[in-house]
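First up is the structure itself, then whatever we jot down about it.
The values are calculated or read from the model by the stated rules, or taken from the named source; none is laboratory data. This is a predicted model, so every value here is computed, not measured. Every residue, glycine as well, gets a Cβ built from its backbone with ideal geometry; the counts of neighbours run over all protein chains shown. Accessible surface areas use protein heavy atoms only, side chains included; no ligands, DNA or RNA. Shrake-Rupley method; radii C 1.70, N 1.55, O 1.52, S 1.80 Å.
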Amino acid sequence: MQSTLLSKLHVGIIMDGNGRWATARGLTRLEGHHAGVEAIRRIIEAAPHQGIGTLTLYAFSSDNWRRPTAEVAGLMTLLRRYLANEVEMLARNGVRLSVIGRRDRLPDGLAQAIAAAEAETAGGETLALRIAIDYSARDAILHAAISLSGISHATRTDFARLVTGEPQPRDVDLVIRTSGEQRLSDFLLWESAYAELHFTERNWPDFDAQDLAVALASFHRRQRRFGGLTPHALEPAFGS
Ligand code: FPP
């Protein structure tokens, strides 16, 4: 990840409420997810102007496989179309896309489309956009632990590299969850150890740049001490 992006905020968003947004309008749940993609476009455009260097969006959790087959298939089609339609625009705007989560259970061709999109946007320096697909933070931590078994010493940074898959792991500063739910649902558990949390009643398809600004204003009013007594904007170096 580019070092200039590392000095900016990392915001994670749990994009919740697509289904309720759709039901309230007499639409199908899938139409709610389509509207959710519009919100993604708005937030990607707004994020670099609001001090965000890394944006991680929770698009599909490993537990979402439990949803009806038609909804899962619809979401996978939406992801595939998103990659096909948006990658050129992302590359043009300096957005570096990466996908976190398992790739071995995705439908045919999606893992290849993801790899191609990552390669096409690899030079982006305006925003690191990470999309979590078939993602489980517990699984990420478990696999990092398994890959270290037999090793007697590892620093937190070593471990964070394994958990996040990033050569320069960046803790999450702020987690936003829409639709009034107040839980983390297996999202970025390691990286969010000192994250501030912001919950809003707004359903994801209605979330816009103004809502993002409200969340960030609330974040900037918080005093972050990382267990110490002195306020710090970002996590101070901690040894190991
Ligand atoms: C949660 O709302 C949302 C999801 C599980 C899917 C999020 C997906 C998108 C926003 C679109 C696809 C993403 C990309 C990157 C193309 P919910 O369905 O649980 O809503 P509910 O709680 O109201 O039922």
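What figure, in Å² to the nearest 10, do you get for the accessible area of LEU142 with a 1.4 Å probe and non-protein molecules left out?
For LEU142, the solvent-accessible surface is approximately 90 Å².
Return a whole-number percent for the relative contact order of the chain, with Cα pairs under 8 Å and 6 or more residues apart as the contact set.
Numbers: 383 pairs, mean separation 62.9, N = 240.
Worked out over the chain, it gives 26 percent.
Enumerate the amide H contacts of ASN203 below 5 Å, restricted to partners 5 or more residues apart or on another chain; note that Pro and chain-start residues carry no placed amide H.
So ASN203 has HN proximity to SER179.
Mind listing P(r) for the chain? All alpha-carbon pairs, 10 Å bins, whole percents.
Going from the shortest bin to the longest, the percentages are 7, 31, 39, 19, 4, 0.
If you bin every alpha carbon distance in the range 108-187 into 5 Å steps from zero, what whole percent lands in each bin?
Calculated P(r), rounded to whole percents: 3, 10, 17, 20, 20, 17, 10, 3, 0.
Using per-residue counts of other Cβ atoms within 10 Å, averaged over each peptide, order 225-232, 116-123 from highest down.
Details: 225-232: 9.9, 116-123: 15.0.
The densest-packed peptide leads the list: 116-123, 225-232.
What accessible area per residue comes out for the range 86-215, rounded to a whole number of Å², with a 1.4 Å probe?
Values: 6160 Å² over 130 residues.
Normalised by residue count, the accessible surface of the range 86-215 is 47 Å².
Determine the relative contact order of the range 145-231: mean sequence separation of Cα pairs under 8 Å and six or more apart, normalised by residue count, in whole percent. Intermediate results must be reported in sequence, preceding the final value.
Values: 74 pairs, mean separation 21.0, N = 87.
Once divided by the residue count of the range 145-231, the mean separation gives 24 percent.
Percent relative contact order of the range 3-71, based on C-alpha pairs within less than 8 angstrom and at least six residues apart?
Values: 61 pairs, mean separation 33.0, N = 69.
Value for the range 3-71: 48 percent.
Only helices at least 27 Å long along their own axis, judged from Cα atoms, and with Kyte-Doolittle mean hydropathy of -0.5 or greater: name those in the chain from DSSP H.
Values: long enough: 69-92 (35 Å, 0.33).
Both cut-offs are met by 69-92.
Where does the charge balance sit around GLY53 when Lys and Arg score +1, Asp and Glu -1, over other residues with C-beta under 13 Å from its C-beta? Let's see the in-between values first.
Numbers: positive: LYS8, ARG96, ARG130, ARG170; negative: GLU125, GLU166, ASP171, ASP173.
Within the 13 Å Cβ shell, the charges total 0.
About the Cα centre of the range 114-231, what is the dipole size in debye to 20, counting +1 per Lys and Arg Cβ and -1 per Asp and Glu Cβ, all else neutral?
580
For the range 39-82, take the alpha-carbon Rg, divide it by the Kirkwood Rh, and send me Rg/Rh.
Details: Rg = 13.5 Å, Rh = 12.3 Å.
Rg/Rh for the range 39-82 comes to 1.10.
Could you give P(r) for the range 1-106, binned at 10 Å from zero, as whole percent values over all Cα-Cα pairs?
Percent of pairs per bin, in order: 12, 43, 33, 11, 1.
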